[in-house]
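Asks: The following block contains the structure, expressed as structure tokens.
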Amino acid sequence: MKISNAVRILTGAAILSLVLLIAVSFAVDCKNCQIGDDELGIRKGTLMNEELVVPASSDALPEAGESETITRAFENSPPNIPHSIADFLPITLDDNSCIDCHHPDAAADFGATSVPASHLYDIRSGEQTDGELNGANYNCVMCHTPMTDAVPVIENSFEADFRNADDSSSSNLLDILNEGVE
Ligand code: HEC
Ligand code: HEC
């Protein structure tokens, strides 16, 4: 056998032993690092009962007209609803209080943000809806989330990178819908 071959075999054996050693030490370690059932969930307590669940409440939220708008989560995200919506639910086919205040014809009188151009437009057919709310946007809370006073279980460290300063408080989805496509 040539010397270089012998060196190759020895090096191979050494690497194999090292890999085995690491594998064995992991296996040994894992015996000491079992996850208990009270560490499995994000609430860090037993999952066998609901005692640690803090009920969220939206009773304490200010009424519409008395709240402060919330910085947008990211460019053209649906803004969160800053006011209580308890009096405006359920949203039914014949009764949608949200649009009564947020329609462009009414919004200024209530001091509310008007629905954006994208809500008065049928994206599927590419046609305007003559100032009427597009039916696909009828159920506002499908996209706009109401607030509660619940303490977040996990802190959210996401930071939006707005391209323009205005994007943190207003939207323009319809204007830029085809950006990067056309
Ligand atoms: C009585 C009028 C009124 C009604 C009804 C109403 N809102 Fe509002 N809404 C407002 C006003 C006024 C504001 C601005 C913040 C404030 O002054 O409380 C606002 C703010 C908002 C915002 C934040 C807009 C932004 O620029 O960040 C959203 C989203 C919203 N409302 C959604 C809804 C939804 C969804 C409903 C129905 C469940 C609803 N609103 C019902 C008056 C109303
Ligand atoms: C399918 C999801 C969806 C539904 C349903 C929906 N919205 Fe929106 N909304 C959005 C998104 C996304 C934006 C931000 C981008 C845009 O459209 O310009 C937005 C923006 C808004 C804004 C901010 C406008 C601005 O100029 O900054 C208001 C106010 C609003 N919506 C109210 C409503 C109300 C009231 C309803 C129900 C009648 C509703 N939305 C239904 C997705 C939705």
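Only the coordinates and a few stated rules stand behind these numbers; no lab work does. None of the values given here were measured: they were computed from a predicted structure. Because the Cβ atoms are built from the backbone with ideal geometry, glycine has one as well, and the counts that use them run over all protein chains shown.
Asks: Once the mean 1/r over all distinct Cα pairs of region 82-122 is inverted, what Kirkwood radius in angstroms do you read off?
Replies: 11.1 Å
Asks: Just to be sure I understand: with springs between alpha-carbon atoms less than 10 Å apart, which residue in Pro55, Pro78, Pro116 has the highest mean-square fluctuation in the Gaussian network model of the chain?
Replies: Ranking Pro55, Pro78, Pro116 by mean-square fluctuation puts Pro55 first.
Asks: Taking only DSSP H segments of four or more residues, each worth -39500 (n - 2.57), what value at 222 nm results for the chain once the sum is divided by all its residues, to the nearest 500 deg cm²/dmol?
Replies: -8000 deg cm²/dmol
Asks: Now for a different question. Work through the residues other than Glu132 whose Cβ is under 12 Å from its Cβ and net out their charges, Lys, Arg +1 and Asp, Glu -1.
Replies: Its environment carries a net charge of -4.
Asks: Further question on the same structure: Note the per residue figure in Å³ for the convex hull of the C-alpha positions in region 86-176.
Replies: Given the Cα convex hull of region 86-176, per-residue volume reads 158 Å³.
Asks: Ala160 label point, 7 Å along Cα→Cβ, cut-off 15 Å on backbone N: hits in region 65-106?
Replies: Those under the cut-off are 69-82.
Asks: How high is the FRET efficiency between Arg8 and Ile35 when r is their beta carbon distance and R₀ equals 35 Å, given to the nearest 0.05?
Replies: 0.25
Asks: For Glu50 and Asp87, FRET efficiency with R0 = 35 Å and r from the beta-carbon atoms, rounded to 0.05?
Replies: After rounding, the FRET efficiency stands at 0.75.
Asks: Now for a separate question. Compute a Gaussian network model of the chain, connecting alpha carbons closer than 10 Å, and tell me which residue from Pro104, Pro90, Pro82 fluctuates the most.
Replies: Among Pro104, Pro90, Pro82, the largest GNM mean-square fluctuation belongs to Pro90.
Asks: Further question on the same structure: Note down the net charge around Phe88, summing +1 for each Lys or Arg and -1 for each Asp or Glu among other residues with Cβ under 12 Å from its Cβ.
Replies: Within the 12 Å Cβ shell, the charges total -4.
Asks: Okay, moving on. Among Val153, Leu89, Leu133, whose Cα lies farthest out toward the positive end of the dipole of region 86-176, if unit charges sit on the beta carbon of Lys, Arg (+1) and Asp, Glu (-1)?
Replies: Highest projection toward the positive end goes to Val153.
Asks: Follow-up. How fast does the chain diffuse by Stokes-Einstein, in µm²/s, taking the Kirkwood radius from C-alpha pairs at 10 °C and 1.306 mPa s?
Replies: Stokes-Einstein gives a translational diffusion coefficient of 72 µm²/s.
Asks: Lys and Arg at +1, Asp and Glu at -1: add these up for the other residues within a Cβ distance under 14 Å of Ala160 and post the number.
Replies: Residues close to Ala160 contribute a combined charge of -3.
Asks: Continuing with this model, one more query. Over the chain, what is the relative contact order in whole percent, taking alpha-carbon pairs under 8 Å and six or more residues apart?
Replies: Reported relative contact order: 24 percent.
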